[in-house]
Amino acid sequence: ARLGVVLVAAGRGERLGAGKPKAFVELAGETLIERCARTITSLPGGGHLVVVVPEELAGETLALLAQFTDAGSLWELSVTPGGRERHESVRFGVDALPEYADVVLVHDAARPLTPAALFERVATEVRRTAASVIPALPVVDTLKRVDANGVVHETVDRAPLVAVQTPQGFPRELLAAAHDRLGSVSAPVGAEQPTDDAEVVQRAGGTVLTVPGEALAHKLTTPGDLTLLLALLNAQGP
Ligand code: C5P
């Protein structure tokens, strides 16, 4: 039982406006891809990490990853080109994993400070339950439903709601079958593109469990998130 990790880094990151894909942005001198790869290749037991990137950046990515491929490592690394939508990038990543990877963790490169403990918590729960597992945090803000003009219609009860993160973990066969189905069955009327893999699994009828998430798994989306992540990084100390 060895891990397969799909690190999705093929988004354009337009909301960040950094002039380059988000995963290649540096946080305190190191790209998001490097920060994630360092954490993942520190996980015990080893496995295969595939980094999914825009095709033209494959060479640059291999160069960034070279520092993590020392002879004694239990981790193999590879790079594969992504797709137009996130779920396509994940699918290409899963297809690129070796046969031996029977548990797959899918992680957003945009969550560069996610601690190793969260990867381990998710993988352990996938193995224990043979189900899909995602990290979740309680919602702390008050939630309102608004119309297109921003006029408030009602307060939404937040008690049954959670905010979910990555890494998301799956038995490999289950994830691969759910992605195959997404590609072959037409989506429910009005359905958007799925924004995470738990949604892909749920559309295929699968059960998804949660484990506690981590504030450090915060996602870089807007320029303000860069400031927040730097503060989180500095608060961690040396
Ligand atoms: O755009 P968003 O921030 O939701 O993207 C989440 C993650 O999915 C990012 O790490 C991004 O690089 C990745 N992604 C991808 N391929 C796409 C779109 C997004 O790998 N086509």
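Could you run through region 1-47 and say how many residues are touching an Asp or Glu at 6+ places or on another chain (Cβ under 7 Å) and either part of a loop (DSSP other than H, G, I, E, B) or surrounded by fewer than 20 Cβ atoms within 10 Å (Cβ to Cβ) (or both)? Reasoning before the result, please.
Step one: list which residues in region 1-47 are touching an Asp or Glu at 6+ places or on another chain (Cβ under 7 Å), which gives 1, 8, 43.
Narrowing the set further to residues that are either part of a loop (DSSP other than H, G, I, E, B) or surrounded by fewer than 20 Cβ atoms within 10 Å (Cβ to Cβ) (or both) leaves 1, 43.
Number satisfying all stated conditions: 2.
Here is a yes/no grid of residues against (1) within 19 Å of L230 (Cβ to Cβ); (2) of a type in the set (D, E, K, R):
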| residue | (1), (2) |
| --- | --- |
| R2 | no, yes |
| A10 | no, no |
| A18 | yes, no |
| L27 | yes, no |
| C36 | yes, no |
| P44 | no, no |
| H48 | no, no |
Filtering region 33-81 for residues that are within 16 Å of the ligand (Cβ to nearest atom), of a type in the set (D, E) and over 23 Å from K219 (Cβ atoms) leaves a count of 2
Within the set of pairs 6 or more residues apart or between chains, which connect a residue that is of a type in the set (F, W, Y) and at pLDDT below 95 inside region 7-32 to a residue that is within 7 Å of the ligand (Cβ to nearest atom) and part of a helix (DSSP H, G or I) with Cβ atoms less than 6 Å apart?
none
With respect to P167, determine if the residue is surrounded by 10 or more Cβ atoms within 10 Å (Cβ to Cβ), within 15 Å of V208 (Cα to Cα), of a type outside the set (F, W, Y) and touching a His at 6+ places or on another chain (Cβ under 7 Å).
yes
Go through (1) assigned to a helix (DSSP H, G or I); (2) surrounded by 15 or more Cβ atoms within 10 Å (Cβ to Cβ) one by one and return the number of the condition A66 breaks.
(2)
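May I ask you to list the residues in region 180-221 that are under 16 Å from L7 (Cα atoms) and buried (at least 16 other Cβ atoms within 10 Å of the Cβ)?
First, the residues of region 180-221 that are under 16 Å from L7 (Cα atoms): 195-198, 217-220.
D196, D197, A198, A217, H218, K219, L220, listed by residue number.
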May I ask you to say which residue of V103, V122 is crowded, with 24+ Cβ neighbours inside 10 Å and within 22 Å of E199 (Cβ to Cβ)?
V122
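The values are calculated or read from the model by the stated rules, or taken from the named source; none is laboratory data. Here the structure is a predicted model, which means the values were calculated and not measured. Glycine gets a Cβ as well: all are built from the backbone with ideal geometry, and neighbour counts include every protein chain shown.
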